[in-house]
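Step one of this worksheet: look at the structure below.
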Amino acid sequence: MKYEALLADLSASRDGLLALWAANLHVRGDLDAKLRWFYCDSPTGPGQAFLLHDENGVAVGCAGIGVRTIVHRHRNMRAALFADLAVDRGHRSGYPALGLGRAVIGHASSTFDLVYGFPNGRALAVYRRGGCQELGVMQRYVRVLRMRGYLDRTSVPAAVAVPVAMFADFGLSAMAKLGAQRAPKQLDIQWMTDFDFRFDRLNLKARTKHALYGDRRSTFLRWRFVRNPSDRYRIAALVDRQTDVLRGYAVVNFVEGTAELADLFAADDADLDSLLRLLVPVLDQLGCSAVSFRFLGASHIPKLLARHGFRPRGVGRSVIVGAGTADIDPATLLDTESWYLTDLDEDV
């Protein structure tokens, strides 16, 4: 059977895209809201979508491109974020998906400065064969704040688990409070409902820190987190009480007792250290059983997380990258030490 992958008109192809998503992808929330938010409303530019047609002209697959801004040594680059690769069950022989992937990668590589994505296990092979390379695995790091839930999943009798958990939780809470006492006294955690001009200043200050990272202007952060239709985030800002200067922040999504840090950012490691010292006991007081953060990039960040009690958990998610039209040293592009990637950079 012959297949053809073509760049689609988002408005005209809306129904076909939503039908393919509903049948083949796990999308949280309303599908139409996701289409408008991710592909139409982004401050970094409208997204694009490809449709895969069979020989009868029926759409049997799709793949998307989100537009992001990646900062490379003070220069803003237009990046293509691969998203929403799906092929109907009856057409998953490998060849149709590969043709779709090659069409999307070829188009993105010729029109964007660079390309990247977070494919799942099945899609990873498609993007690899299409010319992208694997940068590494985004690892999930977890710090436990409450032991009871973990002991409940073991065979430890309740009569033993309850007192053991109470003793362990007291120790964990005490350690978190002790860590907070070592942070600079003028710094404080303030909860915010939106991103203001101070985030723009922090974003500019951080440009000297990372070779490759997602631009964090307030307009983008507001779109990514405040206007996200599927999740509800809270903003924990690290603020200097004396000057009101923003020194760092965490974007928190509370999921079933776990505080998931969708983004964690500061201009330097000292401020990131202070942010974690002050934030963890606050999350403990809110009753969270654990704190998690996903990251791929410079090795000094996982080392900092380890000093704060975070440990790797789970398999992680592969990240692929590819060259586009920009003149980027391939060694830099494929060096994880050059990057700072969090859940902020994903396509969800």
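No lab work stands behind these numbers, since they all come straight from the coordinates. The structure displayed is predicted, hence computed values, not measured ones. No Cβ is skipped: glycine too gets one built from the backbone with ideal geometry, and neighbour counts run over all protein chains shown.
Using unit Cβ charges (K, R positive; D, E negative) and no other charged atoms, how large, in debye to the nearest 20, is the dipole of the stretch 225-348 about its Cα centre?
Value, rounded to 20: 540 debye.
Rounded to the nearest 500, what is the chain's calculated 222 nm mean residue ellipticity when only DSSP H runs of at least 4 contribute -39500 (n - 2.57) each, over all residues? Per the formula, -9500 deg cm²/dmol.
Taking every lysine pair in the chain that is 8 or more places apart or spans two chains, those with Cα atoms closer than 23 Å amount to 5. Based on DSSP, what percent of beta bridges with both residues in the chain are antiparallel, to the nearest 5? About 85 percent, rounded to the nearest 5. Relative to the longest principal axis of the Cα atoms of the chain, the long axis of helix 14-24 makes an angle of roughly 60 degrees. With the cut-off at under 13 Å, measuring from each backbone N in the stretch 305-332 to a point 7 Å along the Cα-to-Cβ line of ARG75 picks out 324-330. Label zone of GLN190 (point 7 Å out along Cα→Cβ, amide N under 11 Å): in the stretch 242-277 this covers 242-247.
Is any residue of the stretch 99-129 close enough, with backbone N under 16 Å, to a label point placed 7 angstrom from the Cα of LEU6 along the Cα-Cβ axis, and if so, which? In the stretch 99-129, the label zone of LEU6 (backbone N under 16 Å from the point 7 Å along Cα→Cβ) covers 100, 103-104. Put a plus charge on the Cβ of each Lys and Arg, a minus charge on the Cβ of each Asp and Glu, and nothing anywhere else: the dipole of the chain about its Cα centre is then about 820 debye.
One decimal place: the segment ASP30-VAL348 gains 113.2 nm when fully extended, by the rule 0.36 nm per residue minus the C-alpha distance. The stretch between ASP269 and THR208, if pulled fully straight at 0.36 nm per residue, gains 20.7 nm over its current Cα-Cα span.
By how many nm would the segment from GLN133 to ASN56 grow when fully extended, if each residue of separation counts as 0.36 nm and the alpha-carbon distance is taken off?
Contour length minus the Cα-Cα distance gives 24.4 nm.
Can you list which of the GluC sites (Glu not before Pro) found in the stretch 256-348 are DSSP loop residues with at most 11 other C-beta atoms within 10 Å? Within the stretch 256-348, the qualifying GluC sites (Glu not before Pro) (loop, at most 11 other Cβ atoms within 10 Å) are GLU256.
Compute log10 of I(q)/I(0) for the stretch 273-331 with the Debye formula, placing one identical point scatterer on every Cα and leaving out solvent, at q = 0.13 Å⁻¹, to two decimals. Each listed q maps to, in turn, -0.52.
Between the helical axis of 158-181 and the dominant principal axis of the chain, each derived from Cα atoms, what acute angle in degrees is found, rounded to the nearest 10? Compared with the principal axis, the helix lies near 90 degrees.
A dipole drawn for the stretch 4-131 from +1 and -1 charges on Cβ atoms has a positive end, and of GLY130, LEU10, ASN24 the residue lying farthest that way is GLY130.
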